[in-house]
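Please read the structure below before turning to the comments.
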Amino acid sequence: MAALPARVLFGAAYYHEYQPYERPAERLKTDLDLMADARVTVIRVGESVWSTWEPENGRFDLDWLKPVLDGAHERGISVVLGTPTYAVPPWLARQYPEITGERRTGERIGWGARQEVDFTHPAFRFHAERVVRRIAARHAGHPAVIGFQVDNEPGNELLHNRGVFERFVDHLREKYGDVETLNREWGLVYWSHRLSTWADLWTPDGNAQPQYDVAWREFQARQVTEFIGWQADIVREYARPGQFVTTCVSYTRPAVADDELTGRLDIAAGNPYYDMQDGLLLPDPTPDGHEQQWKTTGVWALYRTADWMFSSRQAPFLVTETNAGSIGFPWDNRPAYDGQWRQAAWALVGRGARMIEYWHWHTLHFGAETYWGGILPHTGRPGRAYAELARLGAEFETAGALVAGLEPDADLTLLYSTPSKWLMQKYPPLAGPDGQPDPAAYHRILDPFYRGAFDAGRQVRLVHARQLHDPTGERDGVSPEEGVRRHPVLVVPALYLAADTTLDWLASYARAGGHLVLGPRTGYADEEARARAEPAPGRLTDAAGVSYDEFSNLVREVPVRSDTLGLPEGATATHWADGLTVTDAEVLVTYDHPHFGRWPAVTSRRHGAGRVTCVGTVPGRDLARTLAEWLAPVPVHGWRDLPATVTATTGTSPDGRRVHIVHNWSWESASVPVPVHLTDVLDGTTRTAGTALDLGPWDVRVLVGDGDGDGGRE
């Protein structure tokens with residue numbers, strides 16, 4: 001990977017060209033001086049203004065950025081240079097109307113926002129390549145530039161343009177060879193959809209075939225990956241040694257497979273936006289079932305986003321955008337309470353962030369994001385947000401290389417399946433409160449397992465299914481034995497799409513000594529979304545010691561009880577119940593219900609040197625927390641008896657020392673005993689095991705062991 005500075009990069013997106021000042025040079029100096037005073041070390045520039053780089057077709061203005069680059073360099077501030085291809089200029093749309101994207105076949109997206117374009121169209125590619133090359137050739141050599149962001153938040157649309165569809169047909173022809181093979185693999189005898197020729201394939205607008213949808217969504221994501229990789233390769237022709245190439249991922253975009261996309265880049269980067277104020281309160285007041293979208297609510301969801309970003313490459317990542325003053329819209333202004341900016345930033349660093357970059361420096365005076373608050377308000381004068389973030393910048397400077405690129409610890413690993421998520425968006429197994437299909441069903445199943453671990457004080461690693469085992473052979477997986485070493489407890493909820501070889505890998509993982517936890521909908525269908533003919537969970541029935549062929553949605557919570565796990569009063573099962581039939585397994589949890597009580601809710605069985613546990617329901621919060629405590633009885637971070645408002649996370653520094661980050665997410669002060677001898681990274685004080693660590697309201701402490709048993713990995 002390209003080299004990065006040996007500290008956490010800290011800064012903001014900076015759009016000097018947006019600012020309506022009569023003396024722009026003076027304003028630039030003021031901004032950069034304020035950045036230097038706040039210990040800003042990086043800014044991102046240039047990614048949103050193609051019409052400024054190229055005001056007319058073939059007429060370029062490339063030097064407007066040079067004063068920004070020069071001024072940043074004079075103050076020791078690095079620059080990430082963006083390519084502007086996600087925001088198409090009006091002249092290009094006017095001269096080439098055929099590049100307009102279509103959300104449905106023949107229905108063009110209206111112009112006036114961004115990302116309205118069919119980025120696969122040759123006319124767009126010609127002009128995009130030209131402007132990218134001109135920008136890179138002009139500025140890649142500037143000493144301030146440390147890396148490049150190509151495009152921005154790709155994958156916003158599922159493009160239905162004719163050219164895209166024809167390439168999809170070509171892709172199917174290459175994959176399946178002939179229509180008879182496609183007819184067989186997709187089961188197109190159903191509803192008389194058999195093809196006689198490739199020309200018979202219908203467009204996706206009215207499609208109701210799950211097998212089609214699996215292929216279509218995968219193809220859309222591959223188009224995005226190809227586009228970003230294409231741009232990255234162009235930029236690399238101009239990049240100096242040590243400069244990195246990335247893009248800014250919004251992880252909930254419909255056409256993004258983040259593990260594949262970031263494989264074409266040097267480092268993963270993304271945008272964790274989150275509700276501030278009471279959205280970060282513990283105990284968490286957020287109702288169960290609150291949908292997490294591009295903006296999350298709850299401390300657990302902030303951590304899940306960070307772990308998702310780490311999962312893209314199983315490596316540290318960059319935060320290219322996150323909350324500055326406030327986020328979103330004129331009707332939703334909720335800037336952070338004092339201390340919360342520090343808390344969120346240190347939480348992200350604790351899970352592997354190597355850069356914290358805010359969106360953005362100066363709140364805009366015009367445009368759709370007028371009330372998306374920056375570090376500076378509309379007045380341009382430093383206020384509370386600036387003061388809070390300047391404190392954070394000084395802390396990152398003090399912490400230095402110690403916290404740059406932490407590898408986070410994990411008590412549990414949670415398997416993530418993007419293809420299963422895509423299919424469940426179109427064919428959800430769950431309904432929402434209104435009884436209608438819930439397109440967030442995949443996360444409705446997966447998130448309770450993550451949140452239960454968080455509530456139990458356990459740390460989680462997310463891993464993509466294809467990172468463990470890729471049945472296509474396109475990427476190297478890991479052996480089951482290596483899987484056990486890396487992931488002693490592997491939780492697999494909602495892996496609906498799973499090839500035979502993937503299920504065999506999971507069984508071998510358990511046999512080799514891992515604890516495999518199977519959640520609802522796992523292994524029910526193969527990689528083409530064809531329901532398996534054998535009892536569920538498919539080829540894992542012998543290893544699990546249970547099987548089922550009946551299942552039911554739960555329209556209300558069902559009480560559960562256990563003589564083994566010590567469930568609290570009021571623990572429940574939600575959303576789903578598999579009719580588990582035990583052949584050779586221990587029953588851990590049962591339903592307290594006259595009908596569902598005939599089946600167990602949770603079972604477990606020894607398998608070889610390991611174990612397979614089946615969770616046949618979506619666990620309510622108490623059940624999920626208790627399961628996590630049972631799966632990982634001793635949390636790896638070593639902190640004990642933490643109050644409900646306090647969290648502790650740990651990770652390993654590049655130099656081998658173990659870093660502890662302790663938060664108090666509350667208005668009330670808290671005190672917790674230190675588990676081992678630790679030193680405060682920010683003020684240098686030392687604490688021996690058993691002494692009190694005092695935390696103020698909305699406080700965070702960063703501590704380090706000596707790396708030789710005292711605070712090192714257990």
* Asked: What's the extension gain from LYS66 to VAL636 if we count 0.36 nm per residue and subtract their Cα-Cα distance?
  -> 200.3 nm
* Asked: What is the antiparallel percent of DSSP beta bridges lying wholly in segment 422-563, to the nearest 5?
  -> 40 percent
* So if we plug the beta-carbon distance of GLU569 and ASP288 into 1/(1 + (r/R0)^6) with R0 = 25 Å, what FRET efficiency do we get, rounded to 0.05? -> 0.90
* Cβ-Cβ FRET estimate between THR691 and ARG486, R0 fixed at 35 Å, reported to 0.05 -> 0.55
* **Over the chain, relative contact order from alpha-carbon pairs under 8 Å, at least 6 apart, %** => 10 percent
* Would you list, by chain and number, the lysines whose Cα falls below 22 Å from the Cα of LYS29, excluding same-chain residues fewer than 8 positions away? => LYS66
* Structure fact -> For segment 412-631, shape from the Cα gyration tensor axes a ≥ b ≥ c, cut at a/c of 1.5 then a/b versus b/c, turns out rounded
* **Projected label distance in nm at ARG130 and THR398, using a 7 Å step from Cα toward the beta-carbon** => 5.3 nm
* Asked: So how far, in whole Å, is the C-alpha centre of segment 534-601 from the one of segment 359-400?
  -> 50 Å
* Structure fact -> Relative contact order in percent for segment 412-631 (Cα pairs under 8 Å, 6+ apart) equals 21 percent
* Asked: Can you work out the FRET efficiency for the pair ARG167 and ALA431, with r the C-beta to C-beta distance and R0 = 41 Å, to the nearest 0.05?
  -> 0.70
* **Candidate values [x] 24; [y] 19; [z] 34, label of the one derived for percent of Cα pairs over 47 Å apart** => [y]
* Hey, rough spin-label estimate for GLU218 and ARG530, points 7 angstrom out along Cα→Cβ, what's it come to in nanometres? -> 1.3 nm
* What full-extension length gain, to one decimal in nm, is calculated for GLU586 and ARG475 as 0.36 nm per residue of separation minus the Cα-Cα distance? -> 36.3 nm
* **Cα→Cβ-extended label distance, 7 Å offset, between GLU226 and SER192, nm** => 3.5 nm
* Do any chymotrypsin sites (Phe, Trp or Tyr not before Pro) in segment 10-116 lie in a DSSP loop with no more than 15 other beta carbon atoms within 10 Å, and if so, which? -> TYR21, PHE60, TRP111
* Structure fact -> Proxy exposure order for PHE165, PHE329, PHE366, PHE148 (fewest C-beta within 10 Å first) is PHE366, PHE329, PHE165, PHE148
* To do: Assign one of three labels to segment 353-398, namely rounded, prolate or oblate, based on the Cα gyration tensor with a ≥ b ≥ c the square roots of its eigenvalues; rounded applies when a/c is under 1.5, prolate when it is not and a/b is larger than b/c, and oblate otherwise.
  => oblate
* Take the Cα gyration tensor of segment 646-704, multiply each eigenvalue by 5, square-root it, and list the three semi-axes largest first, rounded to whole angstrom. => 19, 13, 10
* To do: Treating cross-link reach as a plain straight distance, find the lysines whose alpha-carbon is under 26 Å from the alpha-carbon of LYS426, omitting any fewer than eight places away in the same chain.
  => LYS175, LYS295
* Structure fact -> In segment 550-627, the GluC sites (Glu not before Pro) that sit in a DSSP loop and have at most 16 other Cβ atoms within 10 Å of their own Cβ are GLU550, GLU569
* Structure fact -> Of the candidates VAL478, VAL587, PRO559, the farthest towards the positive dipole end of segment 412-631 (Lys/Arg Cβ +1, Asp/Glu Cβ -1, centred on the Cα centre) is VAL478
* To do: Please sort by residue number the trypsin sites (Lys or Arg not before Pro) in segment 155-196 whose DSSP state is loop and whose Cβ has at most 15 other Cβ atoms within 10 Å.
  => none
* Asked: Which length gain, in nm to one decimal place, applies between GLU668 and ASP332 when the Cα-Cα distance is subtracted from 0.36 nm times their residue separation?
  -> 118.4 nm
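Every number here is computed from the coordinates shown, using simple stated rules; none is lab data. Predicted model, so just to flag it, every value in this text is computed and none were measured. Ideal geometry is used to build each Cβ from the backbone, glycine not excepted, and the neighbour counts take in all protein chains shown.
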